[in-house]
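Report on one structure; see the data block that follows.
The values are calculated or read from the model by the stated rules, or taken from the named source; none is laboratory data. Predicted model only: the values in this text are computed from it and were never measured. Glycine gets a Cβ as well: all are built from the backbone with ideal geometry, and neighbour counts include every protein chain shown.
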Amino acid sequence: MSYEKFLSPGKIGKLELKNRSILPPMGTHYMVGGLVSDGLVAYHARRAKGGCAMNIVEIASVHYTTSGSGILGAHDDKFIPGLTKLVTAIHDAGGKACVQLWHGGRQHSGTEFGGQCWGPSEIPCPMVQEMPHAMTLSEVKEIISAFGDAAARAKKAGFDAVELHGAHGYLIDCFLNEYSNNRTDEYGGSFENRARFGQDVIRCVRSKVGPDYPVLIRMSAQENYPGGITLQDGINAAKLYEAAGADAIDISQGCYGALAYTVPPYYLPELVNVDNASQIKKNVGVPVIVAGKIYTPELAEEILQKEQADFISLGRIQLADPDFVNKTAEDRADEIVHCIACDMGCVDRMFNGERMSCIFNPLSGYEAEIIIEPARKKRKVLVIGGGPGGLEAARVAKERGHDVTLFEKGPELGGQYVIAGYPPHKQEFAKAARHMGFRALKAGVDIKLYTVATPERIKSLNPDIIIVATGSEPVIPAIPGVDNKNVYEARRVISGSDRVKAQKVAVVGAGLVGLEVVEVLVEQGKQVVLIEMLDEIGKDLADEIYIRPYALNFIAENGVEVHLNAKCVSIGSDSITIDEEGQSKELDGIGAVVLAVGAKSDADHVADMAKASCKEFYIIGDAKKPGKVINAIWQGNEIARTI
């Protein structure tokens, strides 16, 4: 495929871009005190070097009421030198630079700047839950002027364009939405009045930067929140924004009340914003940009060829692979690292106060700190285990110049992450795991399937270094009846290796694996009872702000019977006995039981062999301590780049 349209030049106003790719303004947490850091500079330069036509730098505060230590500043002249440094790095790497100007409104906690958040009305955000200060008319004018002043600073710093953040429930969008704006002046009431704030911001920015400077606006085409804007409202707003002077419309969805749509996770459909973008494109004359689960150059090309949008915003995929565009241009699309929309390494980390990164690319966000260099001395490395951690370690070690062999006892590569791809909506997980195997094979790793590590095989290789990545195995509790034929292990049920015939099934354990097996069983039409010894469901998903709500909603919407603070005491042929908050209960009619009570390391025997065979050995991932896949991959990468 030639990707002719995707790789062709395009224009926004009078600004010409070398291709149709854009890095969207994703939050990073790379700043300190609002100042540009070396990490932010390196991160953006790397994406520009990878072929991206224009980087839209993340939210930059236009006023002190939207400032914060981890938020890029644009509300004072003191930020200009750092912004200039950032622009220069993007330009030097071959890209164009834009910055997103932002006021968070009621969705920006007042604790960030030591005051009270501002909004059009005294209506709190359902997520932030702080009562906003209802802006006076003079304060409305003050913020409009602040947008213009911030745009002038961006232009002075050398940015090629600015984008106004009018999406996701932030201040411009907050004025637009009737559910968050009950004003009675010219900025409230009718739709035209509620859109006036965004229009006035555009007009003010235009007056400060001149007629030929590109001004973009990002907007939610629809809110997906009760009482929020509909697609028709989005179309009408786009028309008004164009009339006010916007040079491009950047399409997204959602708000904090409908958070999943802002950074769509794996359970939302591919191309989630494209239909909306297409409808808006039919109603405006300026270019339309679209983001949202566009993983491949094939999808990007298809969108452009169908004239559903003019530019493609490639966000998380450029975290996973900053060379996405170059690989596309060089006919190496098969090498593009997969993004699975798990949100684990990017937004989950950011919302938990950590730097944005990627589970499949530990260097993302750490480009200024981590450099993978050729090995000073070529050594013979044996990796035992072909799951994500082992594959990452093997590939990186081989790419550095080591002689690498990998033993995998099973018939395929990818480990448990292949199994993770069996539940509904998660097929991309298995594809990504297998792609890790492809990358290791292409790097030149000597991969041996159906190969169990034995002392004899290890001795025949005589490795200098052994990396043990054997993963984990399920915990099977010692309770009466656990050996019955109607008792199953969750991983085997998820993968389809075991088929549960009973209609009513008890799932013991409500962590991630338990919740996934519940979803599989419900999709099969089973009646499911969920038993959890802790006081809440999905406690191991507490840091995953997009996935946990989905799992909880699935349980509620499908009427799954839940028993918390409950321990399975015994299993019968058609019943189980539980201890629920100190009370013994027998649950009748249970034809099968699926165990999902945790995992334990599967490394002891192999670790002993490694220790006996080699002075230098490492244990990574679940083999070291059962946990999340990001831990396994990042540990594999760290060891491989340092040996």
Out of the residues in segment 383-409 meeting the condition of being among the aliphatic types (A, V, I, L, M) and not in a strand (DSSP E or B), tell me which one is farthest from Glu373 (Cα to Cα).
Leu391
When Asp535 is evaluated against the numbered criteria (1) of a type in the set (Asp, Glu); (2) closer than 30 Å to Ile467 by Cα; (3) within 30 Å of the chain's Cα centre (by Cα), which criterion, by number, is the only one it fails?
(2)
Quick check: anything in segment 310-318 surrounded by fewer than 20 Cβ atoms within 10 Å (Cβ to Cβ), without any contact (Cβ under 8 Å) to a residue 24 or more places away in the chain, closer than 24 Å to Lys18 by Cα and outside the structural domain of Asp543 (by TED's automatic domain parsing)?
no
Matching option when the condition is more than 27 Å from the chain's Cα centre (by Cα), crowded, with 17+ Cβ neighbours inside 10 Å, in the same structural domain as Gly104 (by TED's automatic domain parsing) and among the aromatic types (Phe, Trp, Tyr), among Tyr213, Tyr256:
Tyr213
Collect the residues in segment 211-242 that are in contact (Cβ under 8 Å) with a residue 24 or more places away in the chain and closer than 23 Å to Lys96 by Cα, keeping them in residue-number order.
Asp212, Tyr213, Pro214, Val215, Leu216, Ile217, Arg218, Met219, Glu242
Answer with yes or no whether Ala134 is within 32 Å of the chain's Cα centre (by Cα) and of a type in the set (A, V, I, L, M).
no
Hey, does segment 107-114 have a residue that's under 23 Å from Val36 (Cα atoms), acidic (Asp, Glu) and either modelled with pLDDT under 95 or under 27 Å from the mean Cα position of the chain (by Cα) (or both)?
yes
Working only within segment 82-113, note down all residues that are in a helix (DSSP H, G or I) and either outside the structural domain of Val162 (by TED's automatic domain parsing) or under 26 Å from Ala53 (Cβ atoms) (or both).
Gly82, Leu83, Thr84, Lys85, Leu86, Val87, Thr88, Ala89, Ile90, His91, Asp92
Taking segment 440-463 and keeping only residues that are assigned to a loop (DSSP other than H, G, I, E, B) and closer than 30 Å to Gly598 by Cα, one is left with Leu449, Tyr450, Thr451, Val452, Ala453, Thr454
Of residues in segment 330-355 being more than 22 Å from Ile289 (Cβ to Cβ) and touching an Asp or Glu at 6+ places or on another chain (Cβ under 6 Å), the one modelled with the lowest pLDDT:
Asn352
Being of a type in the set (D, E, K, R) and modelled with pLDDT under 95 is the filter here; which residues of segment 537-573 pass it?
Lys539, Asp540, Asp543, Glu544, Arg548
Of the conditions (1) at pLDDT below 95; (2) assigned by TED's automatic domain parsing to the domain that holds Thr454; (3) not acidic (Asp, Glu), Ile371 satisfies every one except a single condition; which number is it?
(2)
So Ala551, is it surrounded by 15 or more Cβ atoms within 10 Å (Cβ to Cβ) and in contact with a helix residue (DSSP H, G or I) (Cβ under 8 Å, 6 or more places away or on another chain)
yes
For segment 571-643, list the strands (runs of 3 or more DSSP E) that sit wholly inside it and hold at least 1 residues that are touching a residue at least 24 places away in the same chain (Cβ under 8 Å), hydrophobic (A, V, I, L, M, F, W, C) and closer than 28 Å to Val529 by Cα; which are they?
575-580, 583-588, 592-595, 599-601
As an exercise: evaluate Asp92 against (1) over 25 Å from Tyr295 (Cα atoms); (2) of a type in the set (D, E, K, R); (3) without any contact (Cβ under 8 Å) to a residue 12 or more places away in the chain and give the number of the one condition it does not meet.
(3)
With respect to the numbered conditions (1) touching a helix residue (DSSP H, G or I) at 6+ places or on another chain (Cβ under 8 Å); (2) touching a residue at least 12 places away in the same chain (Cβ under 8 Å); (3) of a type outside the set (Ser, Thr, Tyr), which one is the sole condition not fulfilled by Pro269?
(1)
Filter segment 589-630 for residues that are surrounded by fewer than 18 Cβ atoms within 10 Å (Cβ to Cβ) and farther than 24 Å from Glu456 by Cβ; the one that is nearest to the chain's Cα centre (by Cα) is Gly627
Exactly one of Arg332, Arg355 is of a type in the set (Lys, Arg), over 21 Å from the mean Cα position of the chain (by Cα) and surrounded by fewer than 20 Cβ atoms within 10 Å (Cβ to Cβ), and that one is Arg332
Could you tell me whether Tyr422 is in a helix (DSSP H, G or I), of a type in the set (Ser, Thr, Tyr) and surrounded by 16 or more Cβ atoms within 10 Å (Cβ to Cβ)?
no
Any idea which of Gly245, Gly254, Gly228 is among the small types (Gly, Ala, Ser) and farther than 21 Å from Gly169 by Cα?
Gly245
Which of the strands (runs of 3 or more DSSP E) contained wholly in segment 464-547 include at least 2 residues that are under 30 Å from Val445 (Cβ atoms)?
465-468, 472-474
Take Ser145 and decide whether it is within 28 Å of Gly13 (Cβ to Cβ), part of a helix (DSSP H, G or I), hydroxyl-bearing (Ser, Thr, Tyr) and in the same structural domain as Ser207 (by TED's automatic domain parsing).
yes
